[in-house]
Amino acid sequence: MKKISILGSTGSIGVQTLDVVRSTGDFQVMALTTNRNIDLIKKQIEEFKPILAVVMDEEKAEELKKIMGETNTVIKSGMDGLVEAATLPEAETIVVSVVGNIGIKPTYEAIMAKKEIALATKEVLVSGGSLIKNAAKKMGVSILPIDSEHSAIFQSLQGNSMNKINKILLTASGGPFRGKKREDLINVTAKDALKHPNWSMGAKITIDSSTMMNKGLEVIEAKWLFDVDVEDIEVVVHPQSIIHSAVEYEDGAVMAQMGVPDMKVPISYALTYPKRVKNNFEKLDITKIAMLTFEKPDMETFKCLGLAFKAIKIGGTMPAVLNAANEIAVDAFLKGSIKFLDIAEIIEKTMNAYTVINDYTIDELLEADKWGRSYASQLINN
């Protein structure tokens, strides 16, 4: 029975990971963490009985301790607690599904502790790609993707290690505003942007999908996960979200992975690789698919996608600044402080004002993240 820690157990991916645990019965949960959702993590603690639970918010952690009373689960808080959950001696695999750059340090420390990483937090590789990959190589640690697109690429590469790929085809749903032009998006609201046509996700990632920044972050992540040049990654809009991504080999053959729009299969594959485990998840009925369509992305309307390509081509700490500015801008949009099209403008201005560090340490990476947040916040508040 594999022992796992789940960083971000109350978020969408964390909740679905626990569904996989229930379905297979092949895993023992050693640690659970949340930002501040103590109501849900209380239920998870009672069901899975981990040895450690972490609440990032210190006041909420104290509140949970009072609510739980006598329990065998140790409750801790803050980044120190998150790192402890990531490096717990009893855990073999760490599921990283926290939101944003907060996942960088615990992932790095988990790698240094020789833990296998099941990665759902794309910002870890977006911001710290070379640092994380070099650490994983040094420690002999596997990073297995949970994101549906990267899982599809990973699955399409199986059995082809001796064959050269021509390019990666990274599919995108197009989000709720597919087909719209900039003039159509001037006055859209957060409520409009949160209506994703295919996927049920958290608010931040859903907004990223609406701006296509989510796909831009996935481009950067794919570059690091699969050791390819960014020029060899092509984004293809596929509104039905049935083909999750594909790989084109040098002989012209295209290998693709298909399935219903559901994260449970990618989660399960990351946890059980190289095996596949029988489950009761919804299966794809190919006879009910009326049509699969594909189109090129509109990078003039959805500027965030182009900014992500620009950031990874510049390299160094620039992707960290891109991501930091995006997190601040998305939060401001959700709060009604800025308009939808302002998100890309704030990110671009922040990138233009930044001086890149190429060979960076983890402290320099975290400082770049801090700088990006501060500068973007100033743009919003001025």
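The values are calculated or read from the model by the stated rules, or taken from the named source; none is laboratory data. This is a predicted model, so every value here is computed, not measured. No Cβ is skipped: glycine too gets one built from the backbone with ideal geometry, and neighbour counts run over all protein chains shown.
The listed residues are K370, K339, and the only one of them that is touching a residue at least 12 places away in the same chain (Cβ under 8 Å) and in a helix (DSSP H, G or I) turns out to be K370. Output the residues belonging to segment 261-293 that are under 28 Å from A118 (Cβ atoms), touching a His at 6+ places or on another chain (Cβ under 9 Å) and not in a helix (DSSP H, G or I). Result: P261, single match.
Once segment 269-295 is narrowed to residues that are touching a strand residue (DSSP E or B) at 6+ places or on another chain (Cβ under 7 Å) and surrounded by fewer than 16 Cβ atoms within 10 Å (Cβ to Cβ), the residue that is nearest to M1 (Cα to Cα) is L284.
Restricting attention to segment 169-205 and to residues that are modelled with pLDDT of 90 or more and in a helix (DSSP H, G or I), the residue that is surrounded by the fewest Cβ atoms within 10 Å (Cβ to Cβ) turns out to be K191. Just so you know, in segment 1-38 the residues that are of a type in the set (V, I, T) and part of a strand (DSSP E or B) include one that is surrounded by the fewest Cβ atoms within 10 Å (Cβ to Cβ), and it is V29. Every condition in (1) at pLDDT 95 or above; (2) closer than 19 Å to I267 by Cβ; (3) touching a Leu at 6+ places or on another chain (Cβ under 8 Å); (4) not polar (S, T, N, Q) is met by A152 except one, and the failing one is (3). Within segment 229-260, the set of residues being assigned to a helix (DSSP H, G or I) and touching a Phe, Trp or Tyr at 6+ places or on another chain (Cβ under 7 Å) comprises just one member, V230. Here V74 fulfils each of the conditions (1) exposed (fewer than 15 other Cβ atoms within 10 Å of the Cβ); (2) modelled with pLDDT under 95; (3) over 24 Å from M139 (Cα atoms) apart from (2).
Per the listing G175, G140, G128, the residue uniquely among the small types (G, A, S) and in the same structural domain as H238 (by TED's automatic domain parsing) is G175. In segment 133-157, the residues that are crowded, with 21+ Cβ neighbours inside 10 Å form Cβ pairs under 6 Å with partners that are assigned to a helix (DSSP H, G or I) and among the polar types (S, T, N, Q), at six or more places apart or across chains, as follows: P145/S151.
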